[in-house]
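The structure under discussion appears below in the form of structure tokens.
Every read-out reported here was derived from the displayed coordinates using simple, explicitly stated rules and does not represent laboratory data. On a predicted model such as this, the values are computed, not experimentally measured, just so you know. When we count neighbours, we look across all protein chains shown, and the Cβ atoms used for this are built from the backbone with ideal geometry, even at glycine.
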Amino acid sequence: MKQSTAIRVAASVIFLGITLGAFGAHLLDGRLEETGRFDTWETAALYHLIHGFALFVIAISGKKMLGFRWFLAGIILFSGSLYTLALSDIGKLGAIAPFGGVSFLIGWARWIFHPTTEQTEE
């Protein structure tokens with residue numbers, strides 16, 4: 001992935017995380033309180049933003065895109081399943097979140113074990 005594309009993806013992910021966080025806090029607060037899923041939404045937004053920031057750091061670092069795709073998959077699986085769970089209150093959706101959590105862990109492990117890899121095109 002080109003660096004410019006990665007920066008755009010990361011910025012879009014962060015933009016979406018901020019938007020969804022605000023949406024949940026201001027427009028869905030009644031629904032989320034009613035279903036008892038406000039904390040679920042907050043957790044989804046927090047992990048979304050933390051890992052969106054990690055995507056941005058990877059994109060601008062000048063290093064190989066280590067972990068980028070793992071973090072992106074984690075955001076989709078973990079935060080995506082929690083957002084959907086919070087809106088639908090379908091408890092089975094919580095079973096998807098651990099796959100996103102594992103994706104996050106793999107992304108972080110890539111940084112731990114390959115911290116100085118030079119930038120290459122993937």
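Numbers for the structure displayed
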{"read-out": "Number of positions in the stretch 86-115 that are surrounded by fewer than 19 Cβ atoms within 10 Å (Cβ to Cβ) and of a type in the set (Lys, Arg)", "value": "1"}
{"read-out": "Helices (runs of 4 or more DSSP H) fully within the stretch 1-85 counting 3 or more residues that are in contact (Cβ under 8 Å) with a residue 12 or more places away in the chain and buried (at least 19 other Cβ atoms within 10 Å of the Cβ)", "value": "3-22, 38-60, 68-74"}
{"read-out": "Subset of the stretch 1-40 (residues that are farther than 17 Å from residue 60 by Cβ, of a type in the set (Gly, Ala, Ser) and under 14 Å from the mean Cα position of the chain (by Cα))", "value": "17, 21"}
